[in-house]
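The values are calculated or read from the model by the stated rules, or taken from the named source; none is laboratory data. None of the values given here were measured: they were computed from a predicted structure. Please note: Cβ atoms are built from the backbone with ideal geometry, for glycine as well, and neighbour counts cover all protein chains shown. Ligands, DNA and RNA are excluded from the accessible area calculation, which covers all protein heavy atoms including side chains. Shrake-Rupley method; radii C 1.70, N 1.55, O 1.52, S 1.80 Å.
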Protein chains: 2
Amino acid sequence: MRAVGETYVHGYHEREQERLLDQAATLVDLLHSHTHYPAGSRVLEAGCGVGAQTITLARQSPQAHFTSIDIAAESLAEARRRVSEAGLTNVELQRADLFALPYPAQSFDHVFVCFVLEHLREPVEALRALQSMLAPGGTITVIEGDHGSAYFHPDSEAAHAAIDSLIKLQRVAGGDALIGRRVYPLMVEAGISDVSVSPRMVYVDASRPALVEGFIKKTFTAMVESVREEAISAGLVEAGTFDSGIRDLYRTAEPNGVFCYTFFKGTGRRQAR
Amino acid sequence: MRAVGETYVHGYHEREQERLLDQAATLVDLLHSHTHYPAGSRVLEAGCGVGAQTITLARQSPQAHFTSIDIAAESLAEARRRVSEAGLTNVELQRADLFALPYPAQSFDHVFVCFVLEHLREPVEALRALQSMLAPGGTITVIEGDHGSAYFHPDSEAAHAAIDSLIKLQRVAGGDALIGRRVYPLMVEAGISDVSVSPRMVYVDASRPALVEGFIKKTFTAMVESVREEAISAGLVEAGTFDSGIRDLYRTAEPNGVFCYTFFKGTGRRQAR
């Protein structure tokens, strides 16, 4: 669900930007509470993208040192701009491939990976590679969304069809948009010890206007809407159904609507040898 | 989801009974934490069934007085047996119809209603009737499950078809097995003030064996399994699909399986006049 981060970055108007910042703050709490790294610890953030999580992490643990990597030069350039703008001096950005990390084994105390495994054909291999970067006793944190955790009122078959077209597109690309529910078994399969997963549910009704705007409309529905052409031309959904589905998703943002989505946050420790 | 309570009552073996009690304790915490009534307050529990929630509520608030009603004489008899067995003296059980309550308006300080609205054709009317029982400033608590909130790993179309047949049966009977997500708008529509809904998600993976046994197997899957004949003879699902679905639900209880389900707990206050 990298769109979560992207959306915050690319707000169009100032007022919207402000709302999105409120929203981002709420989601940041939801996802990153209890993620604090001790002074002097070395943290590897794998797949930092444009740096949406980097800023939060580095601010929350100002005395930890972050190495944030991504394979995409363009994303890294944007991350660099944002890290500099935020005045953060504890982040090093590097272009690197998760499956060919340019660091000696056991170089880090902590690994952080968020909205990355969903895009990979071999998530367990990725977790194994990352675990090998950990010093003995080091910890790993994994956060993923799960589009199958989305349900809402009023319910709508067309909305589910539109979401399903996104899930299928991600599957065709080798990823898994339903990976959130698999965080526990994937981490265990990768040989990580003391795995514990905590679901982080986003519940939105009319009493939470910042989330109505920031999550239902600008994050989730905008993300589904963004694959319209691709999903239709791939024959995964009919144009009419998709458009009704998007309308129905926006409908859940009206006063009697309700929307639910869940992220999964897993933590574990490098296996004792 | 009245089956939650029933399951606890009807454990077959002693060892299972023990696990189910652990499990019940976990679910009780999940559903009833923060439900405490002050000394001397008068609480109406509407639709108490066999008393599964009654025992918990009355124990948690030993100095409040509970009037627990149900329309089914048989359930009430069982509730009476259990209340007496638990040695509780602060519960009065009465046979009564939610829509024709035998009490003067404003007779209670609090109303509690759990796993009841899902069975009613007119949930908003029920909430209005219950609200009229509240003295000024009185509060109401509503708890409902939502079968559409069930998702799991490994995922399975047959399992969803089996669950859907239960949802359809409940719809045919005039109820709504997806009512959990609607608790907020229903309470608001009934004119209740200060409505606040908190989702209570049950997340189960292999690190939580009591929930694997007690929730995945003995509660949720057992509940779906119990409608087999009815769902098949009503033509809502094919026998082969249903049986595969049940097998796949049990499959989620194996070591790499994961299961998610969410209850919704709403609280509100009697509207100022």
Item to check | Reduced Cα scattering model of the range A:178-240, Debye log10 I(q)/I(0), q = 0.17, 0.23 Å⁻¹ | outcome: -0.84, -0.91
Checklist entry - Of all DSSP beta bridges located in the protein assembly as shown, what percent are antiparallel, nearest 5? => result 50
Checklist entry - Å³ per residue of the Cα convex hull, for the protein assembly as shown? => result 173
Item to check | Separation between Cα centres of the range A:234-272 and the range B:108-126, rounded to whole Å | outcome: 29
Item to check | Sequence ranges B:125-132, A:96-103, A:139-146, ranked by mean other-Cβ count within 10 angstrom, highest first | outcome: A:139-146, B:125-132, A:96-103
Next on the checklist: What number comes out for accessible area per residue over the protein assembly as shown if the probe is 1.4 Å? Units Å², please.
Outcome noted: 42
Checklist outcome for this item: Taking every DSSP bridge whose two residues both lie in chain A, the antiparallel percent to the nearest 5 is 50
Next on the checklist: On C-alpha positions alone, give me the angle between the axis of helix A:14-32 and the longest principal axis of chain A, in degrees, nearest 10.
Outcome noted: 50
Checklist entry - Based on the Cα gyration tensor of the range B:141-273, what are the three equivalent ellipsoid semi-axes, each the root of five times an eigenvalue, rounded to whole Å and given largest first? => result 30, 20, 9
Checklist outcome for this item: Reduced to Cα centres, the span from the range A:79-107 to the range A:43-70 in Å works out to 7
Item to check | Overall Cα dimensions of the range B:64-113, principal axis frame, Å, largest first | outcome: 32, 24, 16
Item to check | Structure-based [θ]222 nm, chain A - -39500 (n - 2.57) summed over DSSP H runs of at least 4, per residue, nearest 500 | outcome: -11000 deg cm²/dmol
Checklist entry - Using a probe radius of 1.4 Å on protein heavy atoms only, what is the accessible area buried between chains A and B, both sides summed, to the nearest 100 Å²? => result 2100
Checklist entry - Using alpha-carbon pairs under 8 Å, 6+ residues apart, how would you state the relative contact order of the range A:108-149 in percent? => result 62
Checklist entry - If you put +1 on each Lys and Arg Cβ and -1 on each Asp and Glu Cβ, how big is the dipole of the range B:20-172 around its Cα centre, in Debye rounded to 20? => result 460
Checklist entry - Where does helix B:157-172 land angle-wise versus the long Cα axis of chain B, in degrees 0 to 90, nearest 10? => result 30
Item to check | Cβ-vector label at 7 Å, A:Ala173, separations to other copies in nm | outcome: 4.4
Next on the checklist: Relative contact order for chain A: what percent, with Cα pairs under 8 Å and sequence separation of 6 or more?
Outcome noted: 22
Checklist outcome for this item: Taking the label point 7 Å from Cα along the Cα-Cβ vector, the copy-to-copy distances for B:Pro136, listed from shortest in nm with one decimal, are 7.1
Checklist entry - A:Ser207 label points, 7 Å along Cα→Cβ, one per copy: pairwise distances from this copy to the rest in nm, shortest first? => result 3.1
Item to check | Residue mean of other protein chain beta carbons inside 10 Å, A:180-188 | outcome: 6
